[in-house]
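Asker: The following block contains the structure, expressed as structure tokens.
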Amino acid sequence: MLAAVPRGVKLTAAAFVAGNALRSRIRARRASHRPRRVTMSAFHDISGISALRPSKSERAAAAENCLTKPTSGEKLVIKTLVLVVHGVKSKESKGSGELRSIRVAAETRGIELIELVTTHEGHCETLVRECDVATVDAFAVMGGDGTLREGVSGMASRPEEDHRPIFAFPCGTGNNFARDLRLRTLEDCFAAIDRGVVHAVDAVKVTHPGGVTYSVNCVTWGMARDAAETAEGMRFLGPLRYDVAGFWHIMKGKLNFAKLAASADAAKPAYAKGANEDYMMMFAQNTRCSGRGFAFTPSSKLDDGMFDLVAVRKCGTLRTVGLFDAVKAGGAHVEDDAVCYVQATSAALAAEDATDLVGIDGEVNVKTPITIECCKGQFRTLV
């Protein structure tokens, strides 16, 4: 457990990173050969797809159910469950306690657990891909969105006849996919096992210079990705690290020139073309929330054959701070005309800076250009 950080230390850290950010911003402006950015017009569409502006009541209604299609009445009885265990975290106090609880709950229900232990990053994908599924009813992973992403990637590479339902016990940092399904605790997951209701949900396929990577949560670029990476190095600040990292990158004012396109027609994939524009950030999500449960795409559904895309244009320091506060208030940022919120079947992003990175589910970083494609009904999970 992290020790409490005195308020004075937190404020000092915040002031320090803010000062460094301001100095970096001044240096960047002096070094840049570009003219200062002019005020941009309202952001009402991406590639002709009109922005969604869901109201507070509409966002609240969307949060009640992340599915659009009725669930099947057929019940899956799980007798054998493959459990992918994180080799490091399962030896820590919290992880070992969670593993004991899972074992006890499974034994109580007469479920045989086949435990597969990871030894390195990406191992979960390999274990799921290569496991003998002859007698297996379902797969579970102990972890968050990143671990589930690995498991889904492993399942996607198997022959169709070998596919099995896969879900996550919410033992990770974000757990946003599980949150959308209201599987917030181990008890919630075992209640879902008892119900035995399986539903097909979407995944997002990201094609990049290094190959193909699947996403079950979020694909981020610009300030969104950069701030998340900075926050990881500030864990000593606890939850405050997200606010400090976000403020630092707001003050830094990094230039994010890119070509961004989207398409809502599966027969006409998006293609990034035209002039580069200076964006603040981009999110492409299959889930409503990312990070610490922030509703960046508040109307997102898991099974609608589309992903939700949010792009934000530069809009000044104070207004940007207000947008982040609006995100925390349940996704009110989508009502601001500096934000364009659309639903798409594909998108394309090409950053002007070849060193720019795109983050996938908080764990994988790739370079642009990328294409993003919704894979409808890619895997089945418990709901």
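Asker: Within segment 144-164, count every residue that is buried (at least 18 other Cβ atoms within 10 Å of the Cβ) and of a type outside the set (V, I, T).
Answerer: 12
Asker: I've got another one for you. Exactly one condition in (1) touching a Lys or Arg at 6+ places or on another chain (Cβ under 7 Å); (2) free of Cβ contacts under 8 Å to residues at least 12 places away in the same chain is false for D325; which is it?
Answerer: (1)
Asker: Do you know which residues across segment 258-304 are within 20 Å of A203 (Cβ to Cβ) and assigned to a strand (DSSP E or B)?
Answerer: Residues satisfying the conditions are A262, S263, M282, F283, A284, Q285, S290.
Asker: If the requirement is being touching a Phe, Trp or Tyr at 6+ places or on another chain (Cβ under 8 Å), of a type in the set (K, R), touching a residue at least 24 places away in the same chain (Cβ under 8 Å) and over 21 Å from E232 (Cα atoms), which of these qualifies: R313, R292?
Answerer: Step by step, each of R313, R292 is checked, and only R313 is touching a Phe, Trp or Tyr at 6+ places or on another chain (Cβ under 8 Å), of a type in the set (K, R), touching a residue at least 24 places away in the same chain (Cβ under 8 Å) and over 21 Å from E232 (Cα atoms).
Asker: Which count do you get for residues in segment 174-189 that are touching a strand residue (DSSP E or B) at 6+ places or on another chain (Cβ under 9 Å) and either surrounded by fewer than 18 Cβ atoms within 10 Å (Cβ to Cβ) or part of a helix (DSSP H, G or I) (or both)?
Answerer: Total meeting the criteria: 9.
Asker: Still on this model: For segment 267-278, check the following and say yes or no: at least one residue is in contact (Cβ under 8 Å) with a residue 60 or more places away in the chain, in the same structural domain as R53 (by TED's automatic domain parsing) and over 15 Å from I46 (Cα atoms).
Answerer: no
Asker: Taking only pairs six or more apart or across chains, which ones have beta-carbon atoms under 6 Å, a first residue in segment 211-236 that is at pLDDT below 85, and a second residue that is of a type in the set (D, E, K, R) and not in a strand (DSSP E or B)?
Answerer: As it stands, the answer is A231/R241; M234/R241, since those pairs meet every condition given.
Asker: Can you find a residue that is polar (S, T, N, Q), under 30 Å from E232 (Cα atoms) and outside the structural domain of V364 (by TED's automatic domain parsing) anywhere in segment 159-174?
Answerer: Yes, there is a match, as at least one residue in segment 159-174 is polar (S, T, N, Q), under 30 Å from E232 (Cα atoms) and outside the structural domain of V364 (by TED's automatic domain parsing).
The values are calculated or read from the model by the stated rules, or taken from the named source; none is laboratory data. What you are looking at is a predicted structure, and each value in this text was computed from that prediction instead of being measured. Backbone-built Cβ (ideal geometry, glycine too); neighbour counts: all protein chains shown.
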